[in-house]
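*Asks:* One structure coming up, written as structure tokens, with questions to follow.
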Amino acid sequence: MAILRIILGTILLAFVPASLVFAAANPASSGPDVYSQVPEANDLFLRARELVKISDPRSGGKLSNARAAIELYSEAIKKDPNFALAYVEMARAWMSLGYSDPDASPDSVTMPAARSDLRKALDIDSKLPDAHRLAATIAYTYDFDWDMAGREYEIALSLEPGDASAHASYAAYLNSMGRFDEALSESAKADSIAPSWSIDFTTARTYYSMHKFAKAEEYCQKALAKHDNVLCHAYLGLSYVAEGNYDKALQELEVAQHFSKNFGAAAMQAYGYAMAGQRGKAEALLKRLFSGTEFGPIVAYRVAAVYLALGDRSIALNWLDRSYAEHENWINQLKVDPVMDPLRSDSRFQALMRKAGLN
């Protein structure tokens, strides 16, 4: 389950990359309140959007709300078969069900539905900015087609230059490619249009990738002041780990782990224990993670990080290979993630980077 097994996933997300973070926090694009000229369809669409706002487990929502939103989007489309934006947002709702939460659905269910909805949206309106942004997100988080992702983000922005979510999503992509100055510039544009905690998180993640951990902490704290969420607690913890400030790190990672039953967040706490020299606690938490259904689906990338911190490089690389094979969205962080720095001179890691097109 790639997508937001991520990060906390899962991230994101897991954790999930930041492009989907922004979409989840800001599901509505700028525009009027009327999106369909069929009143019943428009009403169903707006009700679905309200459910999407409370569907992200990383900020206290429930995936059951995403499932209910999908039903409403589907009903809206029945009322208005040419409702392209409803198809796009229904596709996003399907993708959100891949978060690494115990209530998650497998990619084998969510992604065919999301891709089908996206194709229908583009068939109806090939110049719909939201559809091109979603096409970019799929290329970036699932297909590892970096060139296509960049092109689609640029198309989306050319069609709607004032879309803060598109600027923020493009910033996340640019960060993953190591184009940090451009990423910060896009985040600043997004913030100037519609400030939000998710844009602050995107900026924080870029600074984290740049090894500017104090700045990453600053933006995580700025985001948390606006809205409590698992992503910023997790990355605040990772930033403290990178600085060797393990007491603060474990405090933040504990908060992230208890925020939801996200596998990625719990694995990050295990990583924190391992980096702090608390091997027994790290291994005990890993055992819980593998034991059954307490947490969401396994996030191989985050398991790799734990084994790397425990000094088991070969096992860590095996888990990274699995992450790539399963198309986890965390792979798009491979080029810039400070957690993976100890592996950068390893020939197996370099081979994986080449396979992923990130060398």
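*Asks:* Quick check on my filter: what residues within the stretch 157-198 are out of contact with any Ser or Thr (no Cβ under 6 Å at 6 or more places or on another chain) and polar (S, T, N, Q)?
*Replies:* Ser158, Ser165, Ser176, Ser185, Ser192, Ser196, Ser198
*Asks:* For residues that are within 16 Å of the chain's Cα centre (by Cα) and either surrounded by fewer than 24 Cβ atoms within 10 Å (Cβ to Cβ) or not in a helix (DSSP H, G or I) (or both), tally how many sit in the stretch 170-195.
*Replies:* Matching residues across the stretch 170-195 total 2.
*Asks:* Restricting to the stretch 37-70, what's the tally of residues that are among the aliphatic types (A, V, I, L, M), assigned to a helix (DSSP H, G or I) and either under 18 Å from Gly98 (Cβ atoms) or touching an Asp or Glu at 6+ places or on another chain (Cβ under 6 Å) (or both)?
*Replies:* Let us first name the residues in the stretch 37-70 that are among the aliphatic types (A, V, I, L, M), namely 38, 41, 44, 46, 48, 51-52, 54, 63, 66, 68-70.
After this cut, where a residue has to be assigned to a helix (DSSP H, G or I) as well, the list is 41, 44, 46, 48, 51-52, 63, 66, 68-70.
Checking the rest, the ones that are also either under 18 Å from Gly98 (Cβ atoms) or touching an Asp or Glu at 6+ places or on another chain (Cβ under 6 Å) (or both) come to 41, 44, 51-52, 63, 66, 68-70.
Number of matching residues: 9.
*Asks:* Go through the residues of the stretch 216-235 one by one and say whether even a single one is buried (at least 24 other Cβ atoms within 10 Å of the Cβ), of a type in the set (Val, Ile, Thr) and modelled with pLDDT of 95 or more.
*Replies:* Looking through the stretch 216-235, none of the residues is buried (at least 24 other Cβ atoms within 10 Å of the Cβ), of a type in the set (Val, Ile, Thr) and modelled with pLDDT of 95 or more.
*Asks:* Which of the residues spanning the stretch 261-294 are buried (at least 24 other Cβ atoms within 10 Å of the Cβ) and not in a helix (DSSP H, G or I)?
*Replies:* Scanning the stretch 261-294 gives a single hit, Asn262.
*Asks:* Failed condition for Gly311, given (1) out of contact with any Ser or Thr (no Cβ under 9 Å at 6 or more places or on another chain); (2) assigned to a helix (DSSP H, G or I), with all others met?
*Replies:* The single condition Gly311 does not satisfy is (2).
The values are calculated or read from the model by the stated rules, or taken from the named source; none is laboratory data. Every value quoted in this text rests on a predicted model; they were computed, and no experiment measured them. Positions of Cβ are backbone-derived with ideal geometry, glycine not excepted, and every protein chain shown enters the neighbour counts.
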